[in-house]
Amino acid sequence: MPVQRLNHAVLFVRDVDRSSAFYRDVLGFRVKVEMPGKAVFLQAEGSTNDHDLGLFAVGAGAGPSGAGRSTVGLYHLAWEVDTLAELDRIRSQLLQAGALVGASDHATTKALYAQDPDGIEFEVSWLLPADLISAEVEAAGATTLPLDLEAEITRYGAQTRGGVGVSVQV
């Protein structure tokens, strides 16, 4: 099965309108199809997918996900941005929304971690382009450090296109 990429994800949420507003207003997704109060299909900015995220309402009485604590299940989704400037912009949006819960430097990946209104965790990341991955960087990949985004922008440049030769075809 030669997978090309993940086409979309579907999440169960308590309030589809509240969750849709979060993904739209904070992360810039746009509504493609909406069934008010029941479901919404969203497309990420710059995406050519029919939709990247589906949200289905299960109601206000739904309990929190136990995934990783008491049940098996998905830990998080990860979306990749093209530049560190965009990662910085998203960080500001997540901070303003009170959704940012962490920021990590995984050597080849610079990552922000956040939670949507239902506490579903997601990651927004920038990947080092292949031509910048040295043996030293690869060796550091086994460690996770706090992300100093300003230092990474100084080191790699705010507009350096991420993931080239890794997740983005040359």
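What follows draws every value from the coordinates through simple rules; no lab data is involved. Here the structure is a predicted model, which means the values were calculated and not measured. Because the Cβ atoms are built from the backbone with ideal geometry, glycine has one as well, and the counts that use them run over all protein chains shown.
Okay, here's what the table says:
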{"read-out": "Those trypsin sites (Lys or Arg not before Pro) in the range 48-125 that DSSP places in a loop and that have at most 14 other beta carbons within 10 Å", "value": "R69"}
{"read-out": "Rule-of-thumb Rg ratio for the chain [Cα; 2.2 N^0.38 Å; N residues]", "value": "1.09"}
{"read-out": "On Cα atoms only, tilt of 16-25 relative to the major axis of the chain in degrees", "value": "30"}
{"read-out": "Rg ratio (alpha-carbon, reference 2.2 N^0.38 Å) - the range 75-170", "value": "1.05"}
{"read-out": "Fully extended contour minus Cα-Cα distance, from A139 to V101, at 0.36 nm per residue", "value": "11.0 nm"}
